[in-house]
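My structure is below; once you've seen it, I'll send some questions.
The values are calculated or read from the model by the stated rules, or taken from the named source; none is laboratory data. Being a predicted model, the structure only gives us computed values, none of them experimental. No Cβ is skipped: glycine too gets one built from the backbone with ideal geometry, and neighbour counts run over all protein chains shown. Side chains included, ligands, DNA and RNA excluded: accessible areas come from the protein's heavy atoms. Shrake-Rupley method; radii C 1.70, N 1.55, O 1.52, S 1.80 Å.
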Amino acid sequence: MKEKQQHLTLEGIKKFQDELDHLTQVRMEEIKVKLQEARAQGDLSENAEYDAAREEQAMVYERIQELQYILKNAVVIESDEDSDVITIGSTVTFREESTSEDVTYKIVGSAEANPFDAKISNESPIAQALMGKRQGDTAMVSTPKGVITVAIVNVQ
């Protein structure tokens, strides 16, 4: 089974890591204290505080597992202040020199990208050739029909 990749900037990874740290170091400790206090009351069969703490514990634990999965499968993408740099999520208008036509695509972080939906998978040859380029650059792209030169007209 292929793991689902999460495409995140370094800032996104830090945000998830901070949340994970807070849940494991603070929230789980708070819940532990609540459970100890509820146990000290005696009979747990009809103890609403104990039941609420156990439910909260299960929800926090589920989120911890989700965050661990996200971070384990994270693929770091460059975040660049320059908006004209092509990264995942960029909308790119390029001119194929062989046809002199402008074509606009969005580069997406998915192997299931459908070119008929005007999306290019970041794993495709054209996206690999374009990644990190800037408006005005050109890129050589190998296709089944041969090598084409792509002139980047617009990056959003």
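Being exposed (fewer than 13 other Cβ atoms within 10 Å of the Cβ) and at pLDDT below 75 narrows it down to one residue among Glu62, Glu112; which is it?
Glu112
Please go through the range 13-23 and give me each residue that is open to solvent by 60 Å² or more (accessible area, probe 1.4 Å) and closer than 18 Å to Arg54 by Cα, ordered by number.
Within the range 13-23, no residue meets the criteria.
At pLDDT 80 or above, over 29 Å from the mean Cα position of the chain (by Cα) and exposed (fewer than 12 other Cβ atoms within 10 Å of the Cβ): is that true of Ala53 in this structure?
In short, no.
Residue pairs, Cβ under 7 Å, 6 or more apart or interchain, first in the range 47-70 and farther than 14 Å from Val33 by Cα and in contact (Cβ under 8 Å) with a residue 40 or more places away in the chain, second among the aromatic types (Phe, Trp, Tyr) and in a helix (DSSP H, G or I). List them.
These pairs meet every condition: Leu67/Phe16; Ile70/Phe16.
Would you check if there is a residue in the range 8-26 being over 30 Å from Thr138 (Cβ atoms), modelled with pLDDT of 75 or more, more than 17 Å from the chain's Cα centre (by Cα) and β-branched (Val, Ile, Thr)?
yes
Report whether or not Arg95 is modelled with pLDDT of 70 or more, more than 25 Å from the chain's Cα centre (by Cα), under 23 Å from Gln135 (Cα atoms) and surrounded by 14 or more Cβ atoms within 10 Å (Cβ to Cβ).
yes
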